[in-house]
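The values are calculated or read from the model by the stated rules, or taken from the named source; none is laboratory data. Predicted model, so just to flag it, every value in this text is computed and none were measured. Backbone-built Cβ (ideal geometry, glycine too); neighbour counts: all protein chains shown. Areas reflect the complete protein model, heavy atoms only, side chains present, ligands, DNA and RNA absent. Shrake-Rupley method; radii C 1.70, N 1.55, O 1.52, S 1.80 Å.
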Amino acid sequence: MDTRKLSYFVKIVDSGSITKAAAALHVAQPALSQQVSALESDLKQRLLIRSKQGVEPTAAGHTLYRHAQTILRLVEQARQDVATSGAAPSGRVSIAIAPYSMASSLTPQIIREVGRRYPDIVVHLTEIFGGVLSEAIKNGRLDMALIYEPGKIRGVQFTTMIVEDLHLVTHEDVDVAQGRTTVTLEEASTLGLFLPEKNHTLRQIIEKGLAEHGLPLRLVGEVESVPSLVRLIRANLGATVLPKSAADALFPDENFKVLRIVEPALQSKIALCTPDHEPLSEAASAVLILVKEMLQQQLISKYAADPS
C-alpha cells in the first residue's frame, strides 16, 4: 500500500465517481480502477460498491477512508516540516481556551510572546467546551486546548496544569456568609445560580458535588457569555461558581463577594489537551512549549503570592 493509492482512493470517495476522480486527477479511468483493485487485493476487502449512480464506500471502505485521511495529512505535514527544518517555525497554530477560566487571562501574553519569539507563526484563538473538543483535536482542526479537564477522552491526552478550589461569586448585597471568606456548599445551594450549559465540565463538577450531598441545584439560567455573566451578577439577579483566578479576573471590585466553597470543597482542573495519535507541527510544538512556560510561571507567581 502506498500513499498514491490512498490519495486516489480518497479522491474517488470524495467525488462519488471513478470517472469524476479520473478527470480531476488527470489519470485514465482504467488505470484508476486498477489502483482500487490493487488496494482491495492487498487488504482482502471490497472497498467500493459500484452502480450507475457512481460509487459508495463499503464499511471497510469507510474505515480505510478515515485512516487514509490521517495518513495523507501526516505525510503532508512531514513534507512541510522537512522543507522548513532549520528555519524559524512558521504557519498557523490553533488554540482553544476554556471560557470561565484563568487560562483565558493568558490570551494577551500568548499573542505577545508568540509574536516576539516566532513572528512567522499566526495564532488562531477560540473558545470551546469539552463536548466538541475531542473531534476537533482528533481531526486536526485544533492543535491544542487549555480547558477544564473532563476526564479521559479517546484520541486526546490531558496534562493537568492547575488545580483550583471553586468559589461562589455574588453581589455584595446578598445575605450569605456575612463576615466570612468561605461558604458551605449547603449555603451556596440556597442561591439561584447562573452556570454554563450541561456539556461544560465546570457545570458537571458543580452538579455532581450537589447531587452527592443531596443538595438541589437552583439554576436561574445558562450563560455562555462572560460579559453577560458579569452584568447579571452586577444586577444581583443570581450568583455563579468559578475558580478563584477566574473570579478575581472577572469580578475584581468591591461590589462582589468571592467566597471559597467548603464542606466539602469543590475543585476544578485546567489541563493542556493535545492529540495522542500524531505529532504536532514544528510551529505547534514551539507554541506548546511557550504555553507550558507561561502556565508554570503563573503557578510560581500564584504560590509566591498565596503560599496556602
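Is it the case that residue 138 is within 14 Å of residue 271 (Cβ to Cβ), touching a strand residue (DSSP E or B) at 6+ places or on another chain (Cβ under 9 Å) and open to solvent by 40 Å² or more (accessible area, probe 1.4 Å)? Full working, then the answer.
On the way: within 14 Å of residue 271 (Cβ to Cβ): no; touching a strand residue (DSSP E or B) at 6+ places or on another chain (Cβ under 9 Å): yes; open to solvent by 40 Å² or more (accessible area, probe 1.4 Å): yes.
Considered against the rule, which asks whether it is within 14 Å of residue 271 (Cβ to Cβ), touching a strand residue (DSSP E or B) at 6+ places or on another chain (Cβ under 9 Å) and open to solvent by 40 Å² or more (accessible area, probe 1.4 Å), residue 138 comes out as no.
How about segment 168-216: which of its residues are of a type in the set (A, V, I, L, M) and under 23 Å from the mean Cα position of the chain (by Cα)?
We begin by selecting, within segment 168-216, every residue of a type in the set (A, V, I, L, M); these are 168-169, 174, 176-177, 183, 185, 188, 191, 193, 195, 202, 205-206, 210-211, 215.
Within segment 168-216, 195, 202, 205, 206 meet the criteria.
Could you run through segment 222-255 and say how many residues are open to solvent by 20 Å² or more (accessible area, probe 1.4 Å) and either free of Cβ contacts under 8 Å to residues at least 24 places away in the same chain or farther than 23 Å from residue 163 by Cβ (or both)? Write out each step before concluding.
The initial filter retains those residues of segment 222-255 that are open to solvent by 20 Å² or more (accessible area, probe 1.4 Å), namely 222, 224-228, 230-232, 234-237, 244-245, 248-250, 252-255.
Remaining after also requiring either free of Cβ contacts under 8 Å to residues at least 24 places away in the same chain or farther than 23 Å from residue 163 by Cβ (or both): 222, 224-225, 227-228, 230-232, 234-237, 248, 252-255.
So the count comes out to 17.
Would you confirm whether any residue within segment 55-78 is among the basic types (Lys, Arg), within 37 Å of the chain's Cα centre (by Cα) and outside any helix (DSSP H, G or I)?
Let us first name the residues in segment 55-78 that are among the basic types (Lys, Arg), namely 66, 73.
Keeping just the survivors that are within 37 Å of the chain's Cα centre (by Cα) gives 66, 73.
This time we only want the ones that are outside any helix (DSSP H, G or I), so: none.
So far as segment 55-78 goes, no, none of its residues is among the basic types (Lys, Arg), within 37 Å of the chain's Cα centre (by Cα) and outside any helix (DSSP H, G or I).
How many residues, within segment 1-37, are open to solvent by 30 Å² or more (accessible area, probe 1.4 Å) and small (Gly, Ala, Ser)?
8
Given the conditions (1) at pLDDT below 85; (2) of a type in the set (Gly, Ala, Ser); (3) open to solvent by 70 Å² or more (accessible area, probe 1.4 Å), and given that residue 88 satisfies all but one, which numbered condition is not satisfied?
(3)
In the set 77, 69, 35, which member is more than 30 Å from residue 291 (Cβ to Cβ) and either of a type outside the set (Lys, Arg) or modelled with pLDDT of 90 or more (or both)? Before the answer, list the steps.
Working: 77 fails: more than 30 Å from residue 291 (Cβ to Cβ); 69 fails: more than 30 Å from residue 291 (Cβ to Cβ).
Of 77, 69, 35, the one residue that is more than 30 Å from residue 291 (Cβ to Cβ) and either of a type outside the set (Lys, Arg) or modelled with pLDDT of 90 or more (or both) is 35.
Testing residue 240 on (1) in a helix (DSSP H, G or I); (2) in contact with a Leu (Cβ under 9 Å, 6 or more places away or on another chain), one condition comes back false. Which one is that?
(1)
If the Cβ limit is 9 Å and pairs must be 6+ apart or interchain, which residue in segment 152-165 that is without any contact (Cβ under 8 Å) to a residue 12 or more places away in the chain pairs with which residue that is surrounded by 12 or more Cβ atoms within 10 Å (Cβ to Cβ)?
152/158
Within segment 137-149, can one find any residue that is of a type in the set (Gly, Ala, Ser) and either within 28 Å of the chain's Cα centre (by Cα) or assigned to a helix (DSSP H, G or I) (or both)? Let's see the steps before the verdict.
Within segment 137-149, the subset of a type in the set (Gly, Ala, Ser) is 140, 145.
Subset that is either within 28 Å of the chain's Cα centre (by Cα) or assigned to a helix (DSSP H, G or I) (or both): 140, 145.
There is at least one residue in segment 137-149 that is of a type in the set (Gly, Ala, Ser) and either within 28 Å of the chain's Cα centre (by Cα) or assigned to a helix (DSSP H, G or I) (or both).
Any residue at all in segment 201-208 that's without any contact (Cβ under 8 Å) to a residue 12 or more places away in the chain and under 19 Å from residue 236 (Cα atoms)?
Within segment 201-208, none of the residues are without any contact (Cβ under 8 Å) to a residue 12 or more places away in the chain and under 19 Å from residue 236 (Cα atoms).
Hey, can you tell me all the residues within segment 207-217 that are among the aliphatic types (A, V, I, L, M) and either modelled with pLDDT under 95 or touching a helix residue (DSSP H, G or I) at 6+ places or on another chain (Cβ under 9 Å) (or both)? So that I can check it myself, show each step before the final result.
Pass one, segment 207-217, residues among the aliphatic types (A, V, I, L, M): 210-211, 215, 217.
Those that are among the aliphatic types (A, V, I, L, M) and either modelled with pLDDT under 95 or touching a helix residue (DSSP H, G or I) at 6+ places or on another chain (Cβ under 9 Å) (or both): 210, 215, 217.
I'd like the residue in segment 238-270 that is of a type in the set (S, T, N, Q) and in contact with a Phe, Trp or Tyr (Cβ under 7 Å, 6 or more places away or on another chain) and, out of all such residues, is modelled with the lowest pLDDT. Please lay out each step first, then the result.
First pass over segment 238-270, keeping only residues of a type in the set (S, T, N, Q): 240, 245, 255, 267-268.
This time we only want the ones that are in contact with a Phe, Trp or Tyr (Cβ under 7 Å, 6 or more places away or on another chain), so: 240, 268.
Working: 240: 96, 268: 90.
If we take residues in segment 238-270 being of a type in the set (S, T, N, Q) and in contact with a Phe, Trp or Tyr (Cβ under 7 Å, 6 or more places away or on another chain), then 268 is modelled with the lowest pLDDT.
Kindly list the number of the only condition in (1) in a helix (DSSP H, G or I); (2) over 30 Å from residue 280 (Cβ atoms); (3) among the aliphatic types (A, V, I, L, M) that fails for residue 39.
Of (1) in a helix (DSSP H, G or I); (2) over 30 Å from residue 280 (Cβ atoms); (3) among the aliphatic types (A, V, I, L, M), only one is false for residue 39: (2).
Take the residues in segment 172-190 that are under 20 Å from residue 267 (Cβ atoms) and not charged (D, E, K, R); name whichever of them is surrounded by the most Cβ atoms within 10 Å (Cβ to Cβ).
Of the residues in segment 172-190, the ones under 20 Å from residue 267 (Cβ atoms) are 177, 180-189.
Subsequent filtering for residues that are not charged (D, E, K, R) retains 177, 181-185, 188-189.
On the way: 177: 18, 181: 11, 182: 15, 183: 23, 184: 19, 185: 21, 188: 26, 189: 18.
So, considering only residues that are under 20 Å from residue 267 (Cβ atoms) and not charged (D, E, K, R), the one surrounded by the most Cβ atoms within 10 Å (Cβ to Cβ) is 188.
Test of understanding: among 79, 46, 66, 73, which residue is open to solvent by 50 Å² or more (accessible area, probe 1.4 Å) and touching a Gly at 6+ places or on another chain (Cβ under 7 Å)? Give the derivation first.
Details: 79 fails: touching a Gly at 6+ places or on another chain (Cβ under 7 Å); 46 fails: touching a Gly at 6+ places or on another chain (Cβ under 7 Å); 66 fails: touching a Gly at 6+ places or on another chain (Cβ under 7 Å).
Only one candidate passes the filter, namely 73.
If a residue counts only when it is modelled with pLDDT of 95 or more and of a type in the set (Ser, Thr, Tyr), which strands (runs of 3 or more DSSP E) contained entirely in segment 150-204 have at least 2 such residues? Explain how you work it out, then say what you get.
On the way: elements: 156-171, 182-184, 193-195.
Fully inside segment 150-204 and qualifying: 182-184.
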